[in-house]
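Read the structure below first, then the notes.
We did not get these values from a lab; they are worked out from the coordinates using the rules stated. Since we're looking at a predicted model, the values are computed, not measured. Cβ: placed from backbone, ideal geometry, glycine included. Neighbour counts: every protein chain shown.
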Amino acid sequence: SQTIHQWPATLVQPVGSPLSLECTVEGTSNPNLYWYRQAAGRGLQLLFYSVGIGQISSEVPQNLSASRPQDRQFILSSKKLLLSDSGFYLCAWSETGRGEQYFGPGTRLTVT
Amino acid sequence: GQQVMQIPQYQHVQEGEDFTTYCNSSTTLSNIQWYKQRPGGHPVFLIQLVKSGEVKKQKRLTFQFGEAKKNSSLHITATQTTDVGTYFCAGPRTGNQFYFGTGTSLTVIP
């Protein structure tokens, strides 16, 4: 069966520090991968999605970037965090041609 | 641009009462999905509707897709405390991307 992992679960970082969040998927090949951000009590904002290695589409570039160095690995990064980057970051995957998305447990990021 | 709006934003019900959340799109959708997010958790896929007028049931949950494929609803009969959470609908946009609705937060009062 397929599983999706995200780490870390929680993170507290100072303003201006770098960020690296990692997501990996097991049990499937060539998944579509997504990064979402959810502010407290709010909906899901799509940040990036990827249909294959090295293929990244950006929805909200700002100061975040994403990379997909391997088929089932998706990384969210920032060189310098802003206070507004605080939130709940969710990675998700879906099969090509199928709509339903499966979410990881998420990372709660607090920028202080 | 395409948007998926949900109402209400919040709903408090007594345990045993029914609950309905509505999802409306500005454009016709090829399909619509529903997700549930428990407090502190991540969204979990519930169901996908594809056909015009489609109705699907999962125990006490009934999902409907409108005839024009622009709206959908989720109805929960006789709510239980385990139903607490935020319910999101999601409609497709280009490629493999989806618009998520604003969500309806359900509180069930025991």
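See the values below:
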{"item": "Out of B:Ser30, B:Ser105, sole residue that is assigned to a loop (DSSP other than H, G, I, E, B), in contact with a strand residue (DSSP E or B) (Cβ under 7 Å, 6 or more places away or on another chain) and facing chain A (nearest Cβ under 10 Å)", "result": "B:Ser30"}
{"item": "Positions within the stretch A:53-112 being away from chain B (no Cβ under 13 Å), polar (S, T, N, Q) and farther than 23 Å from A:Leu11 by Cα, in sequence order", "result": "A:Gln70"}
{"item": "Odd one out for A:Leu81 among (1) part of a loop (DSSP other than H, G, I, E, B); (2) under 12 Å from the mean Cα position of the chain (by Cα); (3) surrounded by 19 or more Cβ atoms within 10 Å (Cβ to Cβ)", "result": "(2)"}
{"item": "Conditions (1) over 14 Å from the mean Cα position of the chain (by Cα); (2) closer than 26 Å to A:Leu46 by Cβ; number of the one not met by B:Ile32", "result": "(1)"}
{"item": "Selected residue (only one of B:Thr21, B:Thr62, B:Thr82, B:Thr28 is over 21 Å from A:Ser94 (Cβ atoms) and surrounded by 21 or more Cβ atoms within 10 Å (Cβ to Cβ))", "result": "B:Thr21"}
{"item": "Flag if B:Thr94 is farther than 30 Å from A:Thr10 by Cβ, within 14 Å of another protein chain (Cβ to nearest Cβ) and part of a loop (DSSP other than H, G, I, E, B)", "result": "yes"}
{"item": "Residue list for the stretch A:18-69, restricted to those being farther than 19 Å from A:Ser86 by Cβ, in contact (Cβ under 8 Å) with a residue 60 or more places away in the chain and surrounded by fewer than 16 Cβ atoms within 10 Å (Cβ to Cβ)", "result": "A:Asn30"}
